[in-house]
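Working notes, structure below.
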Amino acid sequence: MKQIAAFSLFAVLLAFALPLLLYLPGRSAPADTPQASPAPDVSPSPAPTAAAQAVLDASIALEVQTDAGTAAMSMADYLPLALAGEMPASFEPEALKAQAVALRSYALYYRANRKAVHPEADVCSSAGCCAALAEESALRSAWGAQYESYRQKLADAVAATDGQYLVWEDAPALTVFHASSAGRTEDGAALGMALGYLVSVDTPETGEAVRNLYSTVEVASGEFAAAVRSVAPEALLEGDPGAWLGPVSLGPSGRVQSVQLGGTAVSALALRQLFALRSTDFTLSWNGEHFVFRVRGYGHGLGMSQYGAQLMAGAGADYTEILQHYYPGTTLVMALAE
């Protein structure tokens, strides 16, 4: 049996108001810098004894599906590669620590609840499914003269959080994350993930601070009609294109859930895929020549915003505050083995 020793890292949640609340390769840099929350009281975890040894990353086994097949890795070997693949090494140390904990928690969640798409592995190396694993050759090329310092910076973030992960109701939390949101993150219920800690929270990104927080996609009417008909053949897309647009349904966070097009409701998720939109936080209009999507943020919007984490860290928040903001109600723990 494993005893779960909860850190008292979030003991003063009721004593402070969470503040208003990042981009990485392949997913978006922070303005109006948020005011950091007061640091929580931190009580040290019990010192491991002969009867209760801390379970650290080197002792946590994972089965990882890669392009070459399924490989056995320790968490200590997996996390630095995943961290390098999912967050820029230039980010603040506390943001990197928060990401390390989120990646560890995510891997432990799926070690206990394997995905149907890779039942023989706990996690995979695909960013679209689990977490990208960086390759050393690619890192050497991308980081150049900063390779050694960046490598050490990521190793330090992993070591500083060794064995720590988030739990909800005594089980690893599903700590999904995304690149950026504008104003608020998404509510899990809107995407069929009604979990108590995946709720919409404030996040501080602005267009001045985050490169490509806002993006625009223009689509000609013929291309637009053909794409929409591929998922909604019943849509009546004839005559004036401006008349094709109907009511828009919004979710609790303000993101689009569906749009009436030619009298048929088309989901925002379908539109995002059809037109390669960066998120479902968009407006749609007809300018007389093109349909115009104006999009905010990047990613599904659930859980931790990486640019939000960067902003919070830059304002003085530590990784525990970042995690508690984006996954409210979870507890940071370390497993102790008897």
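Being assigned to a helix (DSSP H, G or I) and surrounded by fewer than 23 Cβ atoms within 10 Å (Cβ to Cβ) is true for just one of Gly242, Gly254, Gly246. Which residue is that?
So the residue among Gly242, Gly254, Gly246 that is assigned to a helix (DSSP H, G or I) and surrounded by fewer than 23 Cβ atoms within 10 Å (Cβ to Cβ) is Gly242.
Condition check: modelled with pLDDT of 95 or more, more than 23 Å from Ser74 (Cβ to Cβ) and either surrounded by 23 or more Cβ atoms within 10 Å (Cβ to Cβ) or of a type in the set (Lys, Arg) (or both). Does Arg114 satisfy that? Working first, answer last.
Values: modelled with pLDDT of 95 or more: yes; more than 23 Å from Ser74 (Cβ to Cβ): no; either surrounded by 23 or more Cβ atoms within 10 Å (Cβ to Cβ) or of a type in the set (Lys, Arg) (or both): yes.
For Arg114, the condition - modelled with pLDDT of 95 or more, more than 23 Å from Ser74 (Cβ to Cβ) and either surrounded by 23 or more Cβ atoms within 10 Å (Cβ to Cβ) or of a type in the set (Lys, Arg) (or both) - is not met.
For the stretch 170-181: of the residues being modelled with pLDDT of 95 or more and not in a strand (DSSP E or B), which is surrounded by the most Cβ atoms within 10 Å (Cβ to Cβ)?
Residue satisfying both the conditions and the ranking: Ser181.
Going by the structure shown, is Thr175 more than 18 Å from Gln257 (Cα to Cα) and under 16 Å from the mean Cα position of the chain (by Cα)?
Values: more than 18 Å from Gln257 (Cα to Cα): yes; under 16 Å from the mean Cα position of the chain (by Cα): yes.
Yes, satisfied.
If I ask for residues that are in a strand (DSSP E or B) and surrounded by fewer than 20 Cβ atoms within 10 Å (Cβ to Cβ), which ones from the stretch 267-299 would you list? Give the derivation first.
Of the stretch 267-299, the ones in a strand (DSSP E or B) are 267, 282-286, 290-296, 298.
Matches in the stretch 267-299: Ser267, Thr283, Ser285, Trp286, His290, Val292, Arg294.
Identify the single condition in (1) touching a strand residue (DSSP E or B) at 6+ places or on another chain (Cβ under 9 Å); (2) within 21 Å of Ala98 (Cα to Cα) that Glu234 does not satisfy, given that it satisfies every other one.
Single failed check for Glu234: (2).
Only one of Ala145, Ala89, Ala107 is open to solvent by less than 70 Å² (accessible area, probe 1.4 Å), of a type in the set (Gly, Ala, Ser) and more than 16 Å from Gln310 (Cα to Cα); which? Write out each step before concluding.
Details: Ala145 fails: open to solvent by less than 70 Å² (accessible area, probe 1.4 Å); Ala89 fails: more than 16 Å from Gln310 (Cα to Cα).
It is Ala107.
Could you identify the single residue in Arg184, Arg229 that is basic (Lys, Arg) and surrounded by 17 or more Cβ atoms within 10 Å (Cβ to Cβ)?
Exactly one of Arg184, Arg229 is basic (Lys, Arg) and surrounded by 17 or more Cβ atoms within 10 Å (Cβ to Cβ), namely Arg184.
The values are calculated or read from the model by the stated rules, or taken from the named source; none is laboratory data. Being a predicted model, the structure only gives us computed values, none of them experimental. With ideal geometry, Cβ positions are generated from the backbone for all residues, glycine too; neighbour counts draw on all protein chains shown. Protein only, heavy atoms only, side chains kept; ligands, DNA and RNA dropped before computing areas. Shrake-Rupley method; radii C 1.70, N 1.55, O 1.52, S 1.80 Å.
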